[in-house]
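The values are calculated or read from the model by the stated rules, or taken from the named source; none is laboratory data. Quantities reported herein were computed from a predicted structural model and do not represent experimental measurements. Reconstructed Cβ throughout: ideal geometry from the backbone, glycine too, with neighbour counts over all protein chains shown. Remember, those area values only see protein heavy atoms, side chains included, never the ligands or the DNA or RNA. Shrake-Rupley method; radii C 1.70, N 1.55, O 1.52, S 1.80 Å.
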Amino acid sequence: MSKTSNPSRSAPGHQIDVESLAVLNRLGDIGIGGIEQRLQRLKNDANVTSEQVAHGFARQDLLDVTFSGKERVGVRMRLPGAPFGDALVLFPMTSANNAARLMLEDVIEEGEAPSHKMARSAITELGGMIAAGFVDAWADTFEQEIDLGAPSPVQATEQALVSKVLEEGDDLGLYVSSAVRLPAYDISLDVLLFPKNAVLIQILERIDVQRVRP
């Protein structure tokens, strides 16, 4: 397991102190714990391991440096309330197939291939569960309810999906990402949360650092 942090840039017009940057990585870890709690309601052996936790500031002109150019399948979910913004849950193609099998193993016969529609629906459902677990853990930490919109299926390169979020959002760029793995099902995935810059900074300024320390 590795844990790294991307070099972080201050959002335009905003400054973030060093202590707050450390909190961002810890929030990535907290989100992973929320994913595991949510998935273990589905499968008792759905243990989650952390492969990487990172934070940074996404810029359209540097997406090829920061994000993968490989195809991903997953979901995008809006945050209609604080901290606003968007969440992405993205699976590499092989992991997406394994994720669909996990969700459909009680529905289809062993060895039977699900239809594209069934597989996409299963991945969308799982992606929504993962995002909800991640965000719920943040909500518990902030002691504030965080709403999530319905999961919308997405498929493109990670770079293209992040670019679309930035284009369609307002005051976005700061992000927290967590790369995780479900070893029992050979599934890898990435959760990327893009809160509104100003709102996230306000939260970081108010939060009790002791509350998010391991």
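Do we have A87 as within 14 Å of L189 (Cβ to Cβ), touching a strand residue (DSSP E or B) at 6+ places or on another chain (Cβ under 6 Å) and in a strand (DSSP E or B) here?
yes
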If you take the residues of region 80-101 that are open to solvent by less than 10 Å² (accessible area, probe 1.4 Å) and more than 21 Å from L182 (Cβ to Cβ), which of them is modelled with the lowest pLDDT?
P83
I'm trying to understand the selection: among the residues of region 29-82, which are within 23 Å of R120 (Cα to Cα) and of a type in the set (G, A, S)?
A46, S68, G69, G74
All but one of (1) assigned to a strand (DSSP E or B); (2) open to solvent by 10 Å² or more (accessible area, probe 1.4 Å); (3) among the β-branched types (V, I, T) hold for V75, so report the exception by its number.
(2)
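Check region 37-45 and report whether any residue there is among the polar types (S, T, N, Q), in contact (Cβ under 8 Å) with a residue 60 or more places away in the chain, touching a Lys or Arg at 6+ places or on another chain (Cβ under 7 Å) and open to solvent by 30 Å² or more (accessible area, probe 1.4 Å). Working first, answer last.
First pass over region 37-45, keeping only residues among the polar types (S, T, N, Q): 37, 40, 44.
Add one more test, that the residue is in contact (Cβ under 8 Å) with a residue 60 or more places away in the chain, and what stays is 37.
If we keep only those that are touching a Lys or Arg at 6+ places or on another chain (Cβ under 7 Å) too, we end up with none.
So far as region 37-45 goes, no, none of its residues is among the polar types (S, T, N, Q), in contact (Cβ under 8 Å) with a residue 60 or more places away in the chain, touching a Lys or Arg at 6+ places or on another chain (Cβ under 7 Å) and open to solvent by 30 Å² or more (accessible area, probe 1.4 Å).
Considering only region 102-112, I want to know if a residue exists there that is assigned to a helix (DSSP H, G or I), more than 23 Å from R78 (Cβ to Cβ) and either without any contact (Cβ under 8 Å) to a residue 40 or more places away in the chain or open to solvent by less than 70 Å² (accessible area, probe 1.4 Å) (or both).
Initially, region 102-112 is screened for residues assigned to a helix (DSSP H, G or I), giving 102-104.
Subsequent filtering for residues that are more than 23 Å from R78 (Cβ to Cβ) retains 102, 104.
Adding the requirement that they be either without any contact (Cβ under 8 Å) to a residue 40 or more places away in the chain or open to solvent by less than 70 Å² (accessible area, probe 1.4 Å) (or both) leaves 102, 104.
Within region 102-112, one or more residues are assigned to a helix (DSSP H, G or I), more than 23 Å from R78 (Cβ to Cβ) and either without any contact (Cβ under 8 Å) to a residue 40 or more places away in the chain or open to solvent by less than 70 Å² (accessible area, probe 1.4 Å) (or both).
Can you list the strands (runs of 3 or more DSSP E) found entirely within region 118-214 that contain at least 2 residues being among the polar types (S, T, N, Q) and open to solvent by less than 50 Å² (accessible area, probe 1.4 Å)? Quick ask: steps written out before the conclusion?
On the way: elements: 152-157, 174-182, 187-194.
Where strands (runs of 3 or more DSSP E) fall fully within region 118-214 and carry at least 2 residues being among the polar types (S, T, N, Q) and open to solvent by less than 50 Å² (accessible area, probe 1.4 Å), they are 174-182.
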When region 25-74 is examined, which residues are found to be among the aromatic types (F, W, Y) and touching a helix residue (DSSP H, G or I) at 6+ places or on another chain (Cβ under 7 Å)?
F67
Conditions: (1) farther than 23 Å from P80 by Cα; (2) touching a residue at least 60 places away in the same chain (Cβ under 8 Å); (3) in contact with a strand residue (DSSP E or B) (Cβ under 9 Å, 6 or more places away or on another chain). L166 meets all but one. Number of the miss?
(1)
